[in-house]
1. For the subset of the range 143-159 comprising residues that are closer than 21 Å to residue 73 by Cβ and not charged (D, E, K, R), which member is surrounded by the fewest Cβ atoms within 10 Å (Cβ to Cβ)?
2. Kindly establish whether residue 140 is surrounded by fewer than 22 Cβ atoms within 10 Å (Cβ to Cβ), under 15 Å from the mean Cα position of the chain (by Cα), within 20 Å of residue 171 (Cβ to Cβ) and touching a residue at least 40 places away in the same chain (Cβ under 8 Å).
3. Consider residue 81 carefully, then state whether it is within 23 Å of residue 171 (Cβ to Cβ), among the hydrophobic types (A, V, I, L, M, F, W, C), more than 13 Å from the chain's Cα centre (by Cα) and modelled with pLDDT of 95 or more.
4. Given the conditions (1) surrounded by 21 or more Cβ atoms within 10 Å (Cβ to Cβ); (2) closer than 26 Å to residue 5 by Cβ, and given that residue 111 satisfies all but one, which numbered condition is not satisfied?
5. Within the set of pairs 6+ apart or on separate chains, which have a first residue in the range 33-46 that is aromatic (Phe, Trp, Tyr), a second that is modelled with pLDDT under 95 and open to solvent by 20 Å² or more (accessible area, probe 1.4 Å), and C-beta atoms under 6 Å apart?
6. Condition check: over 14 Å from the mean Cα position of the chain (by Cα), assigned to a helix (DSSP H, G or I) and of a type in the set (D, E, K, R). Does residue 152 satisfy that?
7. For the subset of the range 26-51 comprising residues that are hydrophobic (A, V, I, L, M, F, W, C) and within 21 Å of residue 185 (Cβ to Cβ), which member is surrounded by the fewest Cβ atoms within 10 Å (Cβ to Cβ)?
8. Grab the helices (runs of 4 or more DSSP H) fully contained in the range 10-117, keeping just those with 2 or more residues being more than 26 Å from residue 176 (Cβ to Cβ) and out of contact with any His (no Cβ under 7 Å at 6 or more places or on another chain).
Amino acid sequence: TSFNRLSIPGAGAAFSKDGGDGYSSQSLEFSELWDAGIRAFEIITDRQSGSNFGNESLRCNNQAISGWTVSKVMEEVTKRLSNSKECAILIFTYQPTGSWSYPRNAKTYVTNLCNYFEGYTSKLVKYSPDLTLEGARGKIIVIVRPTQLGEDDDSEISDALTAAANVAAGNGKTMSDYLLIVSGCGTAKDKWGTRGYSNN
């Protein structure tokens, strides 16, 4: 069965139940989402000063979600996929906090993310049009959304994609062979526009 013929149930800001009042997009915990059949999870993170992407806190509406880091997500997902015929999709979305301490930098975000996933290459499979369900079983498909339309110029997008190509992952491959990176996804300006604010 071709993987692209399947409909995969998903959840935006999937781990945000613990975000507190005003900062959650989900009413169910991760374990409840999984038990309900959700297999695609949006993971929103910032890019902080450290290079260990596993320590990044998950976010919702610009606020950190208590107790959830990228490392904890990977621990929970890999545990559930152990000896399983299922698969999971993790969609990483770059959302800076708005603090000038760590200005938006898609290249650094992608570099840190790719370096982190070097330790998980045996558990990853890259989405492609010819991926089959058999090829995806027991694996994690990672989709990365590091840049936003209208907020990153062409050179920033190009730098982010080059960063992924430059991170070696052994066996003569690069992280580009393991992760699907989608450039120019959406824009926060649209979100503000729908709320009646200027999108300048």
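The values are calculated or read from the model by the stated rules, or taken from the named source; none is laboratory data. As the structure is a prediction and not an experimental result, all values here were calculated from the model. Using ideal geometry, Cβ is built from the backbone for each residue, glycine included, and neighbour counts are taken over all protein chains shown. Each accessible area value is taken on the protein alone, full model and side chains, heavy atoms only, with ligands, DNA and RNA left out. Shrake-Rupley method; radii C 1.70, N 1.55, O 1.52, S 1.80 Å.
1. Keep residues of the range 143-159 that are closer than 21 Å to residue 73 by Cβ, which gives 143-146.
Subsequent filtering for residues that are not charged (D, E, K, R) retains 143-144, 146.
Working: 143: 18, 144: 27, 146: 28.
Checking each candidate, the answer is 143.
2. Details: surrounded by fewer than 22 Cβ atoms within 10 Å (Cβ to Cβ): yes; under 15 Å from the mean Cα position of the chain (by Cα): yes; within 20 Å of residue 171 (Cβ to Cβ): yes; touching a residue at least 40 places away in the same chain (Cβ under 8 Å): yes.
When the stated conditions are applied, residue 140 passes them.
3. Working: within 23 Å of residue 171 (Cβ to Cβ): yes; among the hydrophobic types (A, V, I, L, M, F, W, C): yes; more than 13 Å from the chain's Cα centre (by Cα): yes; modelled with pLDDT of 95 or more: yes.
It is true that residue 81 is within 23 Å of residue 171 (Cβ to Cβ), among the hydrophobic types (A, V, I, L, M, F, W, C), more than 13 Å from the chain's Cα centre (by Cα) and modelled with pLDDT of 95 or more.
4. (2)
5. Listed by first residue and then by second, the contacts come to nothing, as the list is empty.
6. Numbers: over 14 Å from the mean Cα position of the chain (by Cα): yes; assigned to a helix (DSSP H, G or I): no; of a type in the set (D, E, K, R): yes.
Spelling it out, it is not the case that residue 152 is over 14 Å from the mean Cα position of the chain (by Cα), assigned to a helix (DSSP H, G or I) and of a type in the set (D, E, K, R).
7. Pass one, the range 26-51, residues hydrophobic (A, V, I, L, M, F, W, C): 28, 30, 33-34, 36, 38, 40-41, 43-44.
In the following step, the residues that additionally are within 21 Å of residue 185 (Cβ to Cβ) were identified as 38, 40-41, 43-44.
Values: 38: 19, 40: 17, 41: 23, 43: 21, 44: 24.
Step by step, filter the range 26-51, then rank; the result is 40.
8. Details: elements: 30-35, 70-81, 106-117.
Here the list reads 30-35, 70-81.
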